[in-house]
Amino acid sequence: MTDQMRHFDPADAPAGIQHLLNGIVAPRPIAWVSTWGPDGTANVAPHSYTTVFNVSPPVIGFVSSGRKDTLNNVEATGAFGCAFTNGALADAMNLTSADFPPHVSEFDWAGLTVLPGEVANAPLVADAPASFECRVIDIHPVPGTASVLVLGEVVRVHTAERIWDGDRIDMTAYDPIGRTTGSGYTRIGEQFHMKRPTWQELQEAGAQPARRADRPAGERS
């Protein structure tokens, strides 16, 4: 038995497609992107449309929804810092989302410490438990929109000792926060682990398809 579903075009989404997208694609990590302004001002702002794009070399990216200080600065410097916030820094992160003028440093207003990058030409949020130094490898306008995708290669990683558990990040100690919809945020709660199966393991276990082969994939129960 499948759930009763709603079906509609994006233009007809209840409360607007933005709220629907943000509510469904959630939680989303928040890239706290830091850059040098043209006058040397250290800027930092959160971007919740972000993810990992590649592992070798490591590439992360974020979307600028329109032309903002961060986009102007990465175009000029070719670099950015990217921190990922946790519960303790939620208020500071939220404060830096305000529309500060380019010459005003969000670091100062939020009481954050600037750490100059070791490799990339970008300031870092020294207070964050984890951050990357990134060199811009592509700035790609999303066709037909005001949004711009910025991709950066991670050239240096900085992490607090306290968030490690052996050779892995301890998610409880890290306590990352994510974005949902509207003014909603979330923290990691209960976690569970699942080992990815291989085809050979499924065959050896005698596993069978959950759907009968004699029933079309699109057929409803």
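For this structure, a couple of remarks:
- When you count the other C-beta atoms within 10 angstrom of each residue and take the mean per peptide, 79-88, 47-56 line up highest first as 79-88, 47-56.
- Protection proxy ranking, highest mean first, for peptides 160-169, 112-121: 112-121, 160-169, where packing is the per-residue count of other beta-carbon atoms within 10 Å, averaged.
- Estimated vicinal HN-Hα couplings, Hz - segment 3-16 in sequence order (Karplus 6.51, -1.76, 1.60; Gly, Pro = x): 5, 5, 10, 9, 9, 7, 6, x, 5, 9, 4, x, 6, x
- Diagonalising the gyration tensor over the Cα atoms of the chain and scaling each eigenvalue by 5 before taking the square root yields semi-axes of 36, 23, 18 Å, largest first.
- For VAL59, residues with placed amide H under 5 Å, excluding near neighbours: PHE53, ASN54, VAL154
- Charge tally around PRO101: other residues with Cβ under 14 Å, Lys/Arg +1 each, Asp/Glu -1 each, net -4.
- Relative contact order of the chain, defined on C-alpha pairs under 8 angstrom at six or more residues apart (%): 21 percent
- Debye log10 I(q)/I(0) for segment 120-185, one point scatterer per Cα, at q = 0.16, 0.18, 0.28 Å⁻¹: -0.82, -0.94, -1.10
- Separation between Cα centres of segment 76-104 and segment 164-197, rounded to whole Å: 21 Å
- With bins 5 Å wide beginning at 0, the percent of Cα pairs of segment 38-154 falling in each bin runs 2, 12, 23, 26, 23, 11, 4, 1.
- Ordering THR172, THR2 by the number of other Cβ atoms within 10 Å of each residue's own Cβ, fewest first, gives THR2, THR172.
- Distance from segment 105-144 to segment 1-74 (C-alpha centre basis), Å: 16 Å
- Most positive-pole-ward Cα, THR159, THR186, ALA92, against dipole of the chain from beta carbon charges: THR186
- Rounded to the nearest 20, the size of the Cβ-charge dipole of segment 1-149 about its Cα centre is 260 debye, with Lys and Arg at +1 and Asp and Glu at -1.
- Net length gained if the chain between LYS68 and ARG162 were fully extended (0.36 nm per residue, minus Cα distance): 30.4 nm
- Which of LEU71, LEU21 has the fewest Cβ neighbours within 10 Å, and the rest in rising order: LEU21, LEU71
No value in this document is a laboratory result; all are computed from the given coordinates. Quick caveat, the model's predicted, so the values are computed rather than measured. Neighbour counts run over all protein chains shown; Cβ positions are idealised from the backbone, glycine included.
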